[in-house]
Amino acid sequence: MTPSFYDVSVRTYQQIVGATAGFLTRGAEHFATEGADLAEVARSRLRDDMATLQFQVFCVAHHSIGALEGMRSGEFRPPADEKGLKGSDLEYTDLQALIAETADKLAALEEDAVNALAEGKLTFKLSGNELPFTNPNFLLTFSLPNFYFHATTAYAILRSKGVPIGKRDFLGQMRIG
């Protein structure tokens, strides 16, 4: 069986969004035990020149449900505004709520409607530049790589803070069979 556009997009997003929810929960439990300041954790980063946990988790949502919304509308933009990086005002519990909301929105998508997006095109708009994509090329060469990068970086930030998570936590619920 050939995977559908829905399988490659929504089901893939659901797996890692679910995993992100799981490792954020494990993090909250760990930090509660350690007495860590969750506001400080949310502003944590791996390196000074990298974005915060807030932004990484925001981008997990942006490059999943936001990407699908972009494919539907025909336009996608980076997650920034005039004040800087979006997500920078989110607290740890806000990050958990954002991921839960993203999971709910993904679950509500109709398979036929998502499969129909495979025939579409979108324009990625960045700083006055416009990059034309077919939706499949956008998904495979831009959205999914960014999605995995930000999920991995969020995981790595929590791991660097001592959260006892491993590869299985990152993989989430795999589709077996």
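The values are calculated or read from the model by the stated rules, or taken from the named source; none is laboratory data. Source: prediction; values computed, not measured. No Cβ is skipped: glycine too gets one built from the backbone with ideal geometry, and neighbour counts run over all protein chains shown.
Could you please tell me which pairs satisfy a Cβ distance under 6 Å, a separation of 6+ or placement on different chains, a first residue in region 136-153 that is surrounded by 18 or more Cβ atoms within 10 Å (Cβ to Cβ), and a second residue that is part of a helix (DSSP H, G or I) and of a type in the set (A, V, I, L, M, F, W, C)? Once the first residue is surrounded by 18 or more Cβ atoms within 10 Å (Cβ to Cβ) and sits in region 136-153, its partners that are part of a helix (DSSP H, G or I) and of a type in the set (A, V, I, L, M, F, W, C) give Ser143/Ala67; His150/Cys59; His150/Val60; Ala151/Ile16; Ala151/Val60. Among the residues of region 24-50, those identified as without any contact (Cβ under 8 Å) to a residue 40 or more places away in the chain and either among the small types (Gly, Ala, Ser) or under 16 Å from Asn146 (Cβ atoms) (or both) are Ala32, Gly35.
Does Ile157 satisfy being at pLDDT 95 or above and either of a type in the set (Val, Ile, Thr) or surrounded by 12 or more Cβ atoms within 10 Å (Cβ to Cβ) (or both)? Taking the combined requirement at face value, the residue satisfies it. Annotation for region 81-99: at least one member residue is in a helix (DSSP H, G or I), surrounded by fewer than 20 Cβ atoms within 10 Å (Cβ to Cβ), under 15 Å from the mean Cα position of the chain (by Cα) and touching a residue at least 60 places away in the same chain (Cβ under 8 Å). Here Leu109 fulfils each of the conditions (1) more than 19 Å from Tyr13 (Cα to Cα); (2) in contact (Cβ under 8 Å) with a residue 60 or more places away in the chain apart from (1).
Evaluated against (1) farther than 20 Å from Thr134 by Cβ; (2) touching a residue at least 60 places away in the same chain (Cβ under 8 Å), Ser64 falls short on exactly one condition, (1).
Of the residues Asp169, Asp112, the single one that is charged (D, E, K, R), surrounded by 13 or more Cβ atoms within 10 Å (Cβ to Cβ) and part of a helix (DSSP H, G or I) is Asp169.
Residues that are under 18 Å from Ala97 (Cβ atoms) and of a type in the set (A, V, I, L, M, F, W, C) within region 1-30 comprise Ile16, Val17, Ala19, Ala21, Phe23, Leu24, Ala28, listed in sequence order. If the condition is being more than 25 Å from Ala154 (Cβ to Cβ) and either in contact with a His (Cβ under 6 Å, 6 or more places away or on another chain) or among the charged types (D, E, K, R) (or both), then region 86-124 contributes Glu110, Glu111, Asp112, Glu119, Lys121. Could you tell me whether Pro3 is outside any helix (DSSP H, G or I) and either in contact with a His (Cβ under 9 Å, 6 or more places away or on another chain) or modelled with pLDDT of 95 or more (or both)? Spelling it out, it is not the case that Pro3 is outside any helix (DSSP H, G or I) and either in contact with a His (Cβ under 9 Å, 6 or more places away or on another chain) or modelled with pLDDT of 95 or more (or both). Would region 44-62 turn up any residue that is crowded, with 18+ Cβ neighbours inside 10 Å and touching an Asp or Glu at 6+ places or on another chain (Cβ under 6 Å)? Looking through region 44-62, none of the residues is crowded, with 18+ Cβ neighbours inside 10 Å and touching an Asp or Glu at 6+ places or on another chain (Cβ under 6 Å).
Scanning region 23-44 for residues that are in a loop (DSSP other than H, G, I, E, B) and over 20 Å from Asp169 (Cβ atoms) yields a count of 3.
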